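What follows is one structure encoded as structure tokens, with my remarks underneath.
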Amino acid sequence: MKTKYLIFSIAFILILSCQRKNDQLNEFIINTFPDIESGNVLVLPGSGCSGCISDAENSIDSLLKTNNYKIIFCKIQSLKTLKNRLRDKRISFDDPNILIDTADNYIKNSVKYKDFWSYPTHIVVKNRVITEITK
């Protein structure tokens, strides 16, 4: 009986901790983009799979034009280099749909998804709740 109780307790705690981490990420996304009711967030790390990141950067302009995408740049190694790359693509840092996350707040709030940190990550939001996260 004690063993069943212990197993149930551990499972319950694990479920709650996973849910809490997702809640942290959800809260971060909603606070970062308060106007997002439903839409997409593309997270682009400054380091990692360079081909994947480059492909995603090349499509930013068209994604922003759909007005259904928000972009987060994180794990920035050189802000100057990032600004130059974006300026070459005619993307404005003042765009309210772009977050340049120099404080790595995305990383701090997405520990559950640390396997994704080296790849562009697609987050789907519906009714202000994250419903899907893929790389």
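Considered as a group, the residues in segment 67-83 that are at pLDDT 85 or above, of a type outside the set (S, T, N, Q) and not in a strand (DSSP E or B) include one that is farthest from Leu44 (Cα to Cα), and that residue is Lys80. Can you name the residue in segment 115-128 that is at pLDDT 85 or above and assigned to a loop (DSSP other than H, G, I, E, B) and, of all such residues, is surrounded by the fewest Cβ atoms within 10 Å (Cβ to Cβ)? Filtering segment 115-128 for residues that are at pLDDT 85 or above and assigned to a loop (DSSP other than H, G, I, E, B), the one surrounded by the fewest Cβ atoms within 10 Å (Cβ to Cβ) comes out as Asn127.
Return the residue satisfying two criteria in turn: it lies in segment 84-114 and is hydrophobic (A, V, I, L, M, F, W, C) and part of a loop (DSSP other than H, G, I, E, B), and of such residues it is surrounded by the most Cβ atoms within 10 Å (Cβ to Cβ).
Initial filter on segment 84-114 (hydrophobic (A, V, I, L, M, F, W, C)): 86, 91, 93, 98-100, 103, 107, 111.
Next cut, part of a loop (DSSP other than H, G, I, E, B) only: 91, 93, 103.
Working: Ile91: 16, Phe93: 12, Ala103: 10.
The selected residue is Ile91.
The values are calculated or read from the model by the stated rules, or taken from the named source; none is laboratory data. These figures come from a predicted structure and were not determined experimentally. Here the Cβ is made from the backbone with ideal geometry for all residues, glycine too, and neighbour counts use every protein chain on show.
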